[in-house]
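Note sheet for the following structure.
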Amino acid sequence: MMALSGSALQAMSKGVVITLPVLVLSASVAAFFMFFLLSSLSSCSCPRPSDTLVSSTGSTGVGVSESSLGNIPLSTRKKDVEWVIDQIHANGLHMHDNVLRKGINPRTRAQQLEDLRQFKGISHYDGPESNNYTALPCPGELLVEEHHSNYGEPWAGGRDVFEFLAQSTQLRPDSQVLEIGCGTLRVGAHFIRYLNPERFHCLERDELSLMAAFRYELPAQGLLNKRPLIVKGDDMDFSKFGPGIMYDLIYASAVFLHMPDKLVWTGVERLASKLKPYDGRIFVSHNIKFCSRLGGEECTKRLMSLGLEYIGKKTHDSLLFNHYEIWFEFRRVIA
């Protein structure tokens with residue numbers, strides 16, 4: 001058996017001695033780490049219950065009020081409406097008859113257009129080089145926004161459509177979206193603003209609508225940098241959008257009801273393979289007579305042959321006027 005040295009025996013007999021300063025220091029360190037741990041837990045960016053939505057997303061499905069990236073609101077919330085009502089009351093505002101009033105040079109759209117043609121503007125350049133100071137000259141008809149009256153309902157309804165579709169598909173900035181018949185971007189401008197550059201595509205047949213989109217709406221709303229791909233065409237040819245594009249959302253607002261059933265089915269057949277399986281959605285507004293005219297069972301068979309499934313009907317309400325819109329939802333069930 002190995003013998004222990006004298007110093008070792010002395011240490012064993014005295015035990016281990018911890019001085020008071022060492023004890024205080026150890027307690028301080030432990031308290032610091034406990035404080036740090038609790039602070040980290042309390043600042044957790046855990047999901048919070050979303051605010052109540054103002055508009056309805058129908059009886060099927062549950063809408064989301066915020067995207068998963070940066071908590072960007074996709075729709076108007078109850079607290080937003082309450083805030084603006086409070087501002088109106090705080091300022092004592094009341095709606096008056098919309099009559100031309102003195103002192104602010106009021107003009108109807110027709111009068112504005114005539115002023116532009118005759119006087120060009122209160123301050124303007126003259127001479128052969130007068131247009132050299134304007135980077136993108138815009139026709140007067142577009143400047144006075146005559147195209148905003150081309151829809152049969154207020155221009156503001158475009159925001160309602162965006163909010164409904166964005167909620168229904170849990171839209172993200174990197175989502176890929178295709179609109180069939182985007183017109184003058186009454187709806188599309190809201191998608192373009194929210195989505196990352198080059199993520200919005202559109203097929204539109206009307207040349208005047210395209211001119212309004214390119215020469216007025218995109219530059220006036222500061223959206224030229226978003227580079228949407230908007231293509232002129234009326235034959236459901238989507239080849240210009242690229243062969244490998246897969247869409248999260250394809251929608252047609254009041255478009256298919258103006259087209260022959262045969263052409264609608266041609267488009268549906270071509271788009272089926274471009275829709276992301278299971279999570280991607282096709283939304284068609286107003287009615288789906290192109291389908292119902294075949295008969296329910298025959299329509300279902302034709303959709304299934306394309307790998308598509310009809311999910312159901314939804315409605316959404318308008319934020320600003322007494323109006324609701326009906327939408328029909330489809331998804332791709334075969335990869």
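The values are calculated or read from the model by the stated rules, or taken from the named source; none is laboratory data. Just so you know, these numbers come straight off a predicted model, no measurement behind them. In this analysis, Cβ positions are derived from the backbone assuming ideal geometry, glycine residues included, and neighbour counts consider all displayed protein chains. We work out accessible area using only protein heavy atoms, side chains counted, and drop any ligands, DNA or RNA first. Shrake-Rupley method; radii C 1.70, N 1.55, O 1.52, S 1.80 Å.
Among TYR194, TYR125, the sequence by solvent-accessible area, most first, with a 1.4 Å probe is TYR125, TYR194.
For the pairs LYS226/LYS274; LYS232/LYS262; LYS79/LYS276; LYS232/LYS274, note any where the Cα-Cα span goes beyond 29 Å. Violating the 29 Å Cα-Cα cut-off are LYS79/LYS276.
Once C-alpha pairs closer than 8 Å and six or more residues apart are averaged by separation and normalised to the residue number of segment 153-332, the relative contact order reads 20 percent.
Tell me, what % of the accessible area of segment 213-335 is carbon and sulfur with a 1.4 angstrom probe?
53
Computed with a 1.4 Å probe on the full set of protein chains, the accessible area for SER285 sits at about 0 Å².
Here's how it looks for GLY280: its modeled amide H is under 5 Å from those of ARG332, which are all 5 or more places away or on a different chain.
Computed with every protein chain present, the accessible area of LEU320 is close to 130 Å² [probe 1.4 Å]. Couplings 3J(HN,Hα) for segment 247-255, derived from phi with the Karplus relation 6.51 cos²θ - 1.76 cosθ + 1.60 (θ = phi - 60°), are 9, 7, 9, 10, 9, 9, 9, 6, 10 Hz, where x marks Gly and Pro.
Counted by Cβ distance under 11 Å from ASN287, the other residues give a net charge of +3, where Lys and Arg count +1 and Asp and Glu count -1. Around the Cα centre of segment 145-260, unit charges on the Cβ atoms of Lys, Arg, Asp and Glu (plus for the first two, minus for the last two) sum to a dipole of about 380 debye. For a quick check: with amide H placed at 1.01 Å from N, whose amide H comes under 5 Å from LEU74's, ignoring anything fewer than 5 positions away on the same chain? So LEU74 has HN proximity to GLU66, SER67.
Accessible area per residue (1.4 Å probe, heavy atoms of protein chains only) ranks VAL84, VAL333, VAL187 as VAL84, VAL333, VAL187, with the largest value leading. From the Cα gyration tensor of segment 84-225, with a ≥ b ≥ c the square roots of its eigenvalues, which class applies: rounded if a/c is under 1.5, or else prolate if a/b is larger than b/c, or else oblate? Oblate is the answer for segment 84-225, as a/c is 1.5 or above yet b/c matches or exceeds a/b.
Please compute the per residue accessible area over segment 99-234 with all protein chains in place, 1.4 Å probe, rounded to a whole number of Å². Intermediate values should be presented prior to the final figure.
Values: 7460 Å² over 136 residues.
Per-residue accessible area for segment 99-234 comes out at 55 Å².
About its Cα centre, the dipole of segment 153-332 is roughly 320 debye, where the only charges are +1 on Lys and Arg Cβ and -1 on Asp and Glu Cβ. What net charge do the residues around LEU223 carry, taking every other residue with its C-beta under 14 Å from that of LEU223, with Lys and Arg at +1 and Asp and Glu at -1? Surrounding charge for LEU223 is +4.
Can you give the charge dipole size of segment 169-213 about its Cα centre, rounded to the nearest 20 debye, using +1 on the beta carbon of Lys and Arg and -1 on the beta carbon of Asp and Glu? Display every interim value, and only then the final one.
Working: 5 positive and 6 negative charges, 40 e Å.
Its charge dipole is roughly 200 debye.
State the Cα centre-to-centre distance between segment 160-218 and segment 75-89 in whole Å. Their Cα centres are 26 Å away from one another.
Between TRP155 and GLU198, the modelled label-to-label distance comes to 3.0 nm, taking each label 7 Å out from Cα in the direction of the beta carbon. Shape class for segment 153-332, computed from the alpha carbon gyration tensor (a ≥ b ≥ c): prolate, with a/c not under 1.5 and a/b above b/c. Once the dipole of segment 153-332 is set up with Lys and Arg at +1 and Asp and Glu at -1 on Cβ about the Cα centre, which of VAL187, TYR251, GLY280 lies farthest towards its positive end? Among VAL187, TYR251, GLY280, the one farthest towards the positive end of the dipole of segment 153-332 is GLY280.
Using a 1.4 Å probe and counting only protein heavy atoms, arrange ASP206, ASP234 so the residue with the most accessible area comes first. Don't skip to the end; give the middle numbers.
Values: ASP206 65, ASP234 95 Å².
Reading off the accessible areas and sorting them downward yields ASP234, ASP206.
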